[in-house]
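Accompanying notes for the structure given below.
The values are calculated or read from the model by the stated rules, or taken from the named source; none is laboratory data. Note that the structure is a prediction, hence the values are computed from the model and not measured. Neighbour counts run over all protein chains shown; Cβ positions are idealised from the backbone, glycine included.
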Amino acid sequence: MENLKLKDFREINDENLCGGLDCFTVDSFRNVIYAVTKSNRLISIDQKSGHVENITSIDNEKVEESYSVYVELFIENDVLNIYFDNGIILTYSFDSKEVNCVGAVENGIAAVVSSPDQECISLISKKDKLFLFTRFFDILVEKDLHADHSECIQKVDVGWGSKQTQFHGLEGKQAAKIESEPLEPPVPWDDQRKRIFWRGDGLYFVTSAIHPEKNYRVLRIWNNEGLLQYESEYVAGLEHTLTWRPEGNLITSSRYYQNKHEIVFFEKNGLRHGEFNLPIEPGSFIIRQLTWSTDSKVFLVHGYDCNRNLDIVFLYTMRNYHWYLKQCFKFNERLDLIAWDPSSQLIFYIVTSRGIIKQYSFSWVTDRFDDLVAVIDGCKVQFTPFKFVSIPPPMSAYSIIFDNPINEVIFYRSQIFGIYNCEGKLFIYKTSEGESDSDAKIEINVRNTAMKPSIQMRHSFTNLKELMYHTKVINANSIIGIRKSDDNKSELILVSLSSKTVTRLASFQQEVWSLDYHETMELVIWQQSDLSIKKFSMNDRVIVNWIESHPKIVSSNLAEIDGELYLFGLTRDGTLYCNGKIFIKNNCSSMLIHQNKFLITTGNDNLLRCNLLDSRFVAEVLSTLNDPRDEPRNIERGSKLVTSIADDARVILQMPRGNLEPIHPRTLLLDLLKQLLNKKQFGDAFKIMRRHRINLNLLVDHDRKVFLSSVEQFIIEIGKEDVQNICLFLSELQKEQISQTMYKFAYFDENKVYPNKLGEICSSMRSMMITMDPNRYLIPILVSYVKDDPPKIDEALKLVYSQEKGKRQDDALKYLFYLIDIENLYKEALGTYDFDVFLMVAEKSNKDPKEYHQYLNQLRAIDNIYYRQYKIDVDLKRFDKALINIKKITDESYREECLNFIKNNRLFWSAVKIIQSDHPWMRSIWEMFGDYLLIKRYYEEAGVAYQKANVIPNAIKAYQLSENWHMALELAITVPDYDVESCCRSFASRLKANKKYTDAAYIEEIYLNDKPAAILTLIEGHHWTEANRLLGAETNGPLYCALQAELFVEANNFISGLKDKREELTVKIERLKIVEEAKIKALENENEPGDEENDLISDTSSISDSSISSTSSTSTKSGGENSLATRKTRHKNKKNLRKYSLKPGSANEDIALRKSIKEIMEGCVMLTEEASPLIRWSYFYGETGVATACQTGLSQLLQYIDTQIAILWPDEEMDVRLLNQTGIGKDRRLQNLATRYLRDPASFVAPKLNIKPWKFALIPESSSQPA
């Protein structure tokens, strides 16, 4: 639904052009027009400045009496080919600046044109010879144009749809016979000339010529090798015009037949393919030229009106198989030449007989105001208010018919619009509803009694001398626009409709490519041909430079965001700019501002985006293209925005085929719903949500506090027409807060979370409905019970049972069956413990009456009501409720059954929680619980359970198994006649076996009162301080001697261990140096990375993958408590160990050595904790020598470790310095450092030695220094 709008007009009038032009061509790269004048001069015309330069005069004697018929620029050779009527072909080289004659065609040239790729030149001589040349004028084909060609492909016609296959009724078979149409000669105004035209891909060309024998025009289609493919059928009245649509699907010509002037179309095979009539008086119009725009979207018809002595140019477009007349231009002088710009899609040139060159530039626009869209079709303007109707073109809601073709429609308000017709007259009309008389003819195309528009002309301006474009209605009395002054400058003018005056507001040298007007700020914004964008205030009348450079705009929109003006400009390549900065690159097909939303359609991902125009849009979305407050919608490829309807959140898209598709984007819908819910218009919101399948939870989640305070209003509005609407709402309720999940994009800045949604809403609505009218709202009340959290289905069943028997109760019960599965409802009815309710449901179910009556009789036979309820709960597997009923049973006859029920179903946790502690069966429950925990090896918990059950011996055993000797002994003391001593000795022995010497010594000292045994235990565990405490003042007894001897032995072992650690550390450090030196040497030899360790790997050092997998597959589970995660971790650790092997020559031996050295060093540091008490008490008990040796040996070892750390883990600078000393290149050095570190980063980090004070100060420091 687009119109073709004039966006630029230029006129070049130079004295060098006064004689007129024979032909011209356009150089799009240099922006130059090359032309041959009627006086045979070759000239160039600069398109920007309009400057005309005389290149050369063609003084060749052979062309003095002739004229040029065609000129073509060959870009690759930078040569102009000029063809003359007498057959002479000249070339002009821009390099040599010379004119050369390259050949001649005998008998002259009738028509000539080159292929689109300029690889082939087709030519027809005046003697009907067809020639094909290469671009170097080598002849490819020469043949007679009208000869019978055997290579012509014969058309196949099976007769479908023809006269022979139709039924003719009473007329009989004779009517089916085809009456041969008499052959008519060409029309009198046929110029008898031949035509050639190529298809856009250069594979075919078509010729048009009058057959010398048959005396009518024939179209012939040839391939690029000069072979005739098809020949057209006879078409009466076919004229001389010819063109081929660049897309290649239609050959176009014209004909005058049966008092109609038509544009006719042919397919590639020469068969007719549609036509349309020209809006002219038959017999008074001579068509001179037909031509297509380069993008095949605009069709130009040029002709001469004999009655009015005018040259007329029509511009047509086609959508939905309808041809729209979009522009009409009338000229009082003859137009000699018309051609489209080869590179720009919507620019064409006109050359008048006086040599004036006129350039027209157009763009596609959608003329709309709010929901009203206008489409121009000649003298008719089609209007469609999409708020009321959605009618696809070429139809419309109503049409307004004027006397002359319309070139432009301008909207000011939905009821005020202006038209600018082909005669340069401007009219302002106002539309109104009613039966009043109209100033123009109106056609109503829809049966809508509410749509009866009439129009009245408010203003007219008929004395506009210059062509005006970029027109905008700025108020009901004024229009602004651009026109050209006499000195070819662009002028911004203000047209006053009331006073009929024209005021010049501004003048500038540059061309104007686009113009917008912002009504609130009263600003005029336009883009000039120097790519700058200017801003003009209607109040100050001052031009301000706004944007220095902006790519050429074909469509623009102005938006005010937080008081600032923003210009959104769309370029031809689909790039969307905002104030000169790229917003979307090569991916935007259309845009539209809908209230405070910016709608964009994208071409690559086929999405419709709806961005909120606010400060966040400016700060974040413009730079990231990511708007979390939008949910893009998929659309059909090639769809474009037409308009939007504010009150309905509806967007109209036009598909590539021309049909319309109204959609409701979620972002716009939710924005509309938020407005309605803020106004508490629940009824309107509910209807929209149902129509568009919006989750009804949004009615609550939008603002729960407001909803709860307006429950009564909500029930009235929703249930006014049908209470089933309330049921629908309650049925859709869910725990999820969809404003934070499903529709988070619409509530991005809100984080309200409310708990217990279902319970609160259902309870509130149920209370209100019961208060308002419980009979009317019976079904919604039942639904509220079912949707409650937790569901209260038993309450719903009781409510149904309370209703009067008959249809009302049956309908209510039937609705419950609809909500709940019948099997579940049967169980819920039984769970009410009310047999009447149960029978009411059972009778409506598919259960066998014999079964449930027998079961019911068994239950009725039970006297104890709590036991009866317990049996029902057990059958329904409602174990918690069964435990509640057990809690109320005290009859010992049921004891064993209830306890077995708890035991068999393992309900211990729930039982001890629900059943009161003073219940007579509680101890038995705890004892069963303890037995269960003991089997599961939860010994500590089992001990607690046995204590609760007051089964102390079992509790002691459980604590013994858990090694909790404190609790076990405390309980053992309280038990009469319990062998506490044997228990203590058993505990002590077990603790010693588990290396827990301090606990064992405590038992021997406190509970067994055996102090010597405790001292020996502490000596065995090397707890010197505790042993010395118990030894007291004794200085020469067996225990004293035992402690002294053990200290001496342990100190000597410690000294021996230090020596072993030193030796092991030295060996591995030396091996590491050897390995790393070998790696550096390999690096110096520039071995391949994969071969660096070849010299180190032995023949037997590899570990095959098969042995690894075999080992892992045969490993077994070590214990029942091991989880899958534990096994995976263990497997991963084993894999890492295999990866770093200490075996000489292994691949990662250096890393394995570093890890091992690091572990040994960290272990040596931990020896300080053991050494500190050993040295102290050895010294105290007279072993001064070994104490000194221990302290000296450990100090020397730690100093050695510090020295080696500085060598093995130097800082980064030292590491690079060491590598620089080798013959390795810089890149290899850096690669070596990175590779070594990335293999195992932890092994290349120096160990952190956190050494706490450990030395014994009584030993001289000098004795600790190394010799």
Filtering segment 773-794 for residues that are in a helix (DSSP H, G or I) and in contact (Cβ under 8 Å) with a residue 60 or more places away in the chain leaves a count of 1
(Q) Take the conditions surrounded by 20 or more Cβ atoms within 10 Å (Cβ to Cβ) and either at positive phi or assigned by TED's automatic domain parsing to the domain that holds LYS735 (or both) and apply them to PRO774. Does it pass? (A) no
Every listed condition ((1) of a type outside the set (A, V, I, L, M, F, W, C); (2) within 20 Å of LYS358 (Cβ to Cβ); (3) assigned to a strand (DSSP E or B); (4) without any contact (Cβ under 8 Å) to a residue 40 or more places away in the chain) holds for HIS273 save (2)
Pairing a residue in segment 624-640 that is within 15 Å of ILE600 (Cβ to Cβ) with any residue that is among the β-branched types (Val, Ile, Thr) and part of a strand (DSSP E or B), where Cβ atoms lie under 8 Å and the two sit 6 or more apart in sequence or on different chains, gives LEU625/ILE584; ARG633/ILE663; ILE635/THR601; ILE635/ILE663; SER639/THR601; LYS640/THR601
*asked:* Looking at the structure I just gave you, is SER623 more than 30 Å from PHE508 (Cα to Cα), part of a strand (DSSP E or B) and among the hydroxyl-bearing types (Ser, Thr, Tyr)?
replied: no
The residue that is farthest from the chain's Cα centre (by Cα), considering only those in segment 55-68 that are assigned to a strand (DSSP E or B) and surrounded by fewer than 20 Cβ atoms within 10 Å (Cβ to Cβ), is SER57
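Conditions tested, residue by residue: (1) modelled with pLDDT of 90 or more; (2) surrounded by fewer than 20 Cβ atoms within 10 Å (Cβ to Cβ).
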residue: ASP648; (1), (2): no, yes
residue: ASN659; (1), (2): no, yes
residue: LEU673; (1), (2): yes, no
residue: LYS680; (1), (2): yes, yes
VAL52 fails exactly one of (1) at pLDDT 90 or above; (2) buried (at least 18 other Cβ atoms within 10 Å of the Cβ), namely (1)
Condition set of a type in the set (Asp, Glu) and within 60 Å of the chain's Cα centre (by Cα), scope segment 932-967, selection nearest to TYR978 (Cα to Cα): answer is GLU940
Within segment 606-627, does at least one residue satisfy the condition of being assigned by TED's automatic domain parsing to the domain that holds ILE652, in contact with a His (Cβ under 8 Å, 6 or more places away or on another chain) and hydrophobic (A, V, I, L, M, F, W, C)? yes
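Would you kindly identify the strands (runs of 3 or more DSSP E) lying entirely within segment 297-356 that contain at least 1 residues that are under 19 Å from ASN407 (Cα atoms) and in contact with a His (Cβ under 6 Å, 6 or more places away or on another chain)?
Correct list: 310-319.
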Problem - So PHE24, is it at pLDDT 90 or above, assigned to a strand (DSSP E or B) and within 30 Å of GLN528 (Cβ to Cβ) - result: yes
Residues in segment 46-58 that are in contact with a strand residue (DSSP E or B) (Cβ under 8 Å, 6 or more places away or on another chain) and of a type in the set (D, E, K, R) total 2
Considering residues that are within 16 Å of ILE716 (Cβ to Cβ), charged (D, E, K, R) and under 45 Å from the mean Cα position of the chain (by Cα), the number found within segment 747-780 is 1
Check your understanding: Out of curiosity, is ALA958 in contact with a Leu (Cβ under 7 Å, 6 or more places away or on another chain) and of a type in the set (A, V, I, L, M)?
Key -> yes
Test for LYS452: is it at pLDDT below 80 and of a type in the set (Lys, Arg): yes
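Yes/no per residue for (1) closer than 17 Å to GLU631 by Cβ; (2) touching a Lys or Arg at 6+ places or on another chain (Cβ under 7 Å); (3) touching a residue at least 12 places away in the same chain (Cβ under 8 Å):
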position	(1), (2), (3)
ASP701	yes, no, yes
ILE715	no, no, yes
ILE718	no, no, yes
ASP722	no, no, no
GLN740	yes, no, yes
Here the qualifying pairs (Cβ atoms under 6 Å; residues six or more apart or on different chains; first in segment 11-29 and touching a residue at least 40 places away in the same chain (Cβ under 8 Å); second of a type in the set (Asp, Glu) and in a strand (DSSP E or B)) come out as THR25/GLU72
Scanning segment 1160-1201 for residues that are over 22 Å from PRO1247 (Cβ atoms) and among the small types (Gly, Ala, Ser), the one farthest from the chain's Cα centre (by Cα) turns out to be GLY1182
Among strands (runs of 3 or more DSSP E) entirely inside segment 521-595, those with 3 or more residues being among the hydrophobic types (A, V, I, L, M, F, W, C) are 523-528, 543-547, 555-561, 564-570, 581-584, 588-594
_Condition (residue is more than 27 Å from GLU231 (Cα to Cα), loosely packed, with under 14 Cβ neighbours inside 10 Å and within 59 Å of the chain's Cα centre (by Cα)) applied to segment 110-127: is it met by at least one residue?_
no
Okay, helices (runs of 4 or more DSSP H) sitting entirely in segment 952-1006 with 3 or more residues that are acidic (Asp, Glu) and surrounded by 19 or more Cβ atoms within 10 Å (Cβ to Cβ), I get none
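Listed here are the residues, each with its yes/no results for (1) farther than 18 Å from SER253 by Cβ; (2) touching a residue at least 24 places away in the same chain (Cβ under 8 Å).
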{"site": "LEU278", "(1), (2)": "no, yes"}
{"site": "PRO282", "(1), (2)": "no, yes"}
{"site": "ILE287", "(1), (2)": "no, yes"}
{"site": "THR291", "(1), (2)": "no, yes"}
{"site": "LYS297", "(1), (2)": "yes, yes"}
{"site": "ASN309", "(1), (2)": "yes, no"}
